[in-house]
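**Student:** The structure follows.
Laboratory data are not the source of any read-out in this text; all were calculated from the coordinates shown. The structure presented is a predicted model; accordingly, all values stated were derived computationally and were not measured. Using ideal geometry, Cβ is built from the backbone for each residue, glycine included, and neighbour counts are taken over all protein chains shown.
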Amino acid sequence: MADLIQADAVEGEVVRTRRVVTQRDQQGRARRAEYWIAVDDGTSRSVRAWRVAHPLYRRVNQTDIIRARVTRHYRHVSALQVVVHHPKIDLERLIPVLSGRLGVAREPDQAASGR
């Protein structure tokens, strides 16, 4: 009970977010999952990950700056505020756009190559 009273305010960059499936149904679909965020607060060479509730996990992206209330012993995240939000980038979708803007040669299509 004392752990819930003694909490630290931690502010830092979200360096990793992960959803870990812990149970699947007979068709292989996820039934249960755990949600983790790792935050670099700049005070140590190591980074700790915290298990968070799904609603908190959905609010953050990697590279966001957050402020969290974390209990001292069990590291329970009881509150989370996004200080600076960086929208999630879909690199797979963005690569063709970037290569066209940078003048990177694309594979010639069959019609253009005369095949």
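**Student:** Between Ile95 and Ile65, what length comes free when the chain is fully extended (0.36 nm per residue of separation minus the Cα-Cα distance, one decimal in nm)?
**Tutor:** 8.3 nm is the gain from fully extending Ile95 to Ile65.
**Student:** Please list 65-77, 44-56 highest first by mean number of surrounding beta-carbon atoms within 10 Å per residue.
**Tutor:** 65-77, 44-56
**Student:** Any idea how far apart Arg72 and Arg19 come out in nm if each label point goes 7 Å out from Cα toward Cβ?
**Tutor:** 3.6
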